[in-house]
């Protein structure tokens, strides 16, 4: 099956710093999503982005489907950004998502 | 609009016991799925359904059963609980539209002793 690798596995930032999270995938996809799992375990859908660039406030994401990677940018980080960020993909003809192992982000005040 | 509702939030079982994790959505989504999350790992797909009466296996289906009698409900049944099934279980749904955005429930934390 498709492989999804995320980097870095762990990231510690000071409040106000910027960061870039990366997701590499091993095959063509028709669906790519970024999720944030907050410290209470809730999974929140951040972006549906199989290709192109999207922005939502301080967060933005870019997927280059031809090169099989996606980037999540967090600018001016806040302590509430802490948690685990997951990338998940699915392939044409399949609805099921395959998740990466996540990037654990800790933003310190 | 409640989204995806999972019950219970916490459960402790003894080895060999059976139980059903409930999942209900009120968004008329055709696609529903169950994932498990183990410490330090991403989510792994257990079973999924593309509509009422249709279910299929995911990556880790052994020890679990599902059924989909209505669009709204997708229960997950543990047949004979084992300590290896200690995990956090998430139910998710998505529409059949162009934007396959997923909505997740808040999870069920299951411990098997």
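Filtering the range A:20-41 for residues that are more than 9 Å from every other protein chain (Cβ to nearest Cβ), touching a helix residue (DSSP H, G or I) at 6+ places or on another chain (Cβ under 9 Å) and surrounded by fewer than 15 Cβ atoms within 10 Å (Cβ to Cβ) leaves a non-empty set.
Would you mind finding the one in B:33, B:95 that is under 11 Å from the mean Cα position of the chain (by Cα) and within 12 Å of another protein chain (Cβ to nearest Cβ)? Step through it out loud before you land on a result.
Working: B:95 fails: under 11 Å from the mean Cα position of the chain (by Cα).
When all the criteria are applied, what remains is B:33.
Among the residues of the range B:69-81, the ones that are within 20 Å of residue A:95 (Cα to Cα) and either away from every other protein chain (no Cβ under 14 Å) or touching a helix residue (DSSP H, G or I) at 6+ places or on another chain (Cβ under 7 Å) (or both) come to 7 in all.
Inside the range A:1-55, can you point out the residues that are free of Cβ contacts under 8 Å to residues at least 12 places away in the same chain and touching a strand residue (DSSP E or B) at 6+ places or on another chain (Cβ under 7 Å)? Step through it out loud before you land on a result.
Here is the first cut: in the range A:1-55, the ones free of Cβ contacts under 8 Å to residues at least 12 places away in the same chain are A:40-42, A:44, A:52-55.
Of everything in the range A:1-55, those that are free of Cβ contacts under 8 Å to residues at least 12 places away in the same chain and touching a strand residue (DSSP E or B) at 6+ places or on another chain (Cβ under 7 Å) turn out to be A:41, A:44, A:52, A:53, A:54.
Being more than 14 Å from chain A (Cβ to nearest Cβ), surrounded by fewer than 20 Cβ atoms within 10 Å (Cβ to Cβ) and either in a loop (DSSP other than H, G, I, E, B) or at negative phi (or both) is a condition met by at least one residue of the range B:44-56.
Here residue A:77 meets the list (1) farther than 23 Å from residue B:106 by Cβ; (2) touching a helix residue (DSSP H, G or I) at 6+ places or on another chain (Cβ under 8 Å); (3) surrounded by 14 or more Cβ atoms within 10 Å (Cβ to Cβ) almost entirely, failing just condition (2).
Here, each number is a calculation from the coordinates, and none is a lab measurement. All values reported here derive from a predicted model rather than from experimental measurement. Backbone-built Cβ (ideal geometry, glycine too); neighbour counts: all protein chains shown.
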